[in-house]
Amino acid sequence: MEKRRLSAKHNAFYQHADVELFVALRDGQPVGRISAQVDHEHNRHHRDQTGFFGFFECIDDIEVARALLETAEGWLRDRGMNAARGPLNFSMNGEVGMLIEGFEYPPQPLMPYSQPYYARLLEELGYGKAKDLYAWKWEPHQVPHESARRAIDKLRSRPDVVVRRARMNNFRAEVGLILDMYNDAWKDNWGFVPATEAEADEVSSDLRLVVDPRIVPFVEINGVPAGAAVAVPDSNWAMQPLKGSLFPIGWARFLWRLKVRRPKSGRMLILGIRKEYRTREYAGLAYLLAEEVYLGAMEAGFTGAEFGWTLEDNGLVNSLIRRIGCEQYKRYRIYEKPLT
């Protein structure tokens, strides 16, 4: 998956972006890496000239960090970008931000993990906060808030509201529905970049290996998809004993841990409601989806999960997450630096 992600031939991101990858060497040994990318879909959607960097890894040495970042900045400046923002691997639809709180907890799928000194290196080189992202710790229990409980019960009593689980026999179509709802529900969010059809094909291929339909609920209103949630088991836990090696039998051990022994935690990737259904009549659809994830997680034997990420200033969503019993436990930061 990582090889495909860094390959222009296999990663659909390259269809709407220019990318360059850099490695820093000292005495012939690698001491850091970084990507620089111009996402034309982002700049079209937001009508700006923002460039991005990502895949940042570096020893604790300001000169190595300076060489990496100045190289990426120069590459972006040469292409007319007036700001550098990151880290994004490669976009807001991938691994986003730099961990600044919660180092004691392991990373969940598609969430980055950073060395504590990374933030200091960026800040010493002129980068400031663009936005913080929250990750939330959830321990299994039903939606506890009284008003949310009433809204869920009211929706469940309505004949026009139907909840179902993902259909694995037509999973590509299900991913298409999810990304269509994602594009509709998130389009006004800070930094949002719409997912393309080619990216939907890749997501479908990658998710099929790890997805558990019990934690991928849809809600339909009069037969029309109105919202969806996507949670995934913690595939990182399944990979841990492999120590980076798939061969000769690592791949079999990974699949055994993922499909037979099964992870006991996971991550909520997406929870979205189409804008046309965010009305008083259908208030509580997000709580209903959250409870469906809870019920599926209990069936799958989960003992906890991570919800997120969410934008720090998305008060409505953060309030909803608190109401279903989550506690903020990690913080990630996206940095930015002017290039003019």
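The values are calculated or read from the model by the stated rules, or taken from the named source; none is laboratory data. Remember, predicted model here, so these are calculated numbers, not experimental data. FYI the Cβ positions are ideal-geometry reconstructions off the backbone, even for glycines, and counts take in every protein chain you see.
In table form, for the structure just shown:
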quantity	calculated
Test: Leu133 is crowded, with 17+ Cβ neighbours inside 10 Å and either in a helix (DSSP H, G or I) or free of Cβ contacts under 8 Å to residues at least 60 places away in the same chain (or both)	no
Residue identified as modelled with pLDDT of 95 or more, surrounded by 17 or more Cβ atoms within 10 Å (Cβ to Cβ), not assigned by TED's automatic domain parsing to the domain that holds Gln240 and not β-branched (Val, Ile, Thr) among Asp61, Asp39	Asp39
Residue match in the range 75-83 (condition: crowded, with 18+ Cβ neighbours inside 10 Å, touching a residue at least 40 places away in the same chain (Cβ under 8 Å), assigned by TED's automatic domain parsing to the domain that holds Val19 and assigned to a loop (DSSP other than H, G, I, E, B))	yes
Restricting the range 254-291 to residues that are part of a helix (DSSP H, G or I) and touching a Phe, Trp or Tyr at 6+ places or on another chain (Cβ under 8 Å), the residue that is nearest to Gly308 (Cα to Cα)	Leu285
Leading residue by the ranking (farthest from the chain's Cα centre (by Cα)) among those in the range 20-40 that are more than 14 Å from Ala84 (Cβ to Cβ) and among the aliphatic types (A, V, I, L, M)	Leu25
Identity of the residue in the range 296-319, touching a residue at least 24 places away in the same chain (Cβ under 8 Å) and over 25 Å from Phe103 (Cα atoms), that ends up surrounded by the most Cβ atoms within 10 Å (Cβ to Cβ)	Ala297
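Table: residues versus (1) touching a helix residue (DSSP H, G or I) at 6+ places or on another chain (Cβ under 6 Å); (2) under 20 Å from Pro217 (Cα atoms).
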| residue | (1), (2) |
| --- | --- |
| Leu133 | no, no |
| Glu139 | no, yes |
| Glu146 | no, no |
| Ala173 | no, yes |
| Ile178 | no, yes |
| Trp190 | no, no |
| Ala198 | yes, no |
| Glu202 | yes, no |
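For (1) over 22 Å from Ala305 (Cβ atoms); (2) at pLDDT 90 or above, each residue gets a yes or a no:
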| site | (1), (2) |
| --- | --- |
| Lys154 | yes, yes |
| Ser157 | yes, yes |
| Arg165 | no, yes |
| Val193 | yes, yes |
| Glu197 | yes, no |
| Val203 | no, no |
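Yes or no, residue by residue, for (1) out of contact with any helix residue (DSSP H, G or I) (no Cβ under 6 Å at 6 or more places or on another chain); (2) at pLDDT 95 or above; (3) farther than 16 Å from Pro140 by Cβ:
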| position | (1), (2), (3) |
| --- | --- |
| Met268 | yes, no, no |
| Tyr282 | yes, no, yes |
| Leu295 | yes, no, no |
| Ala300 | no, no, no |
| Leu316 | yes, no, yes |
| Ser319 | yes, no, yes |
| Arg333 | yes, yes, yes |
| Glu336 | yes, yes, yes |
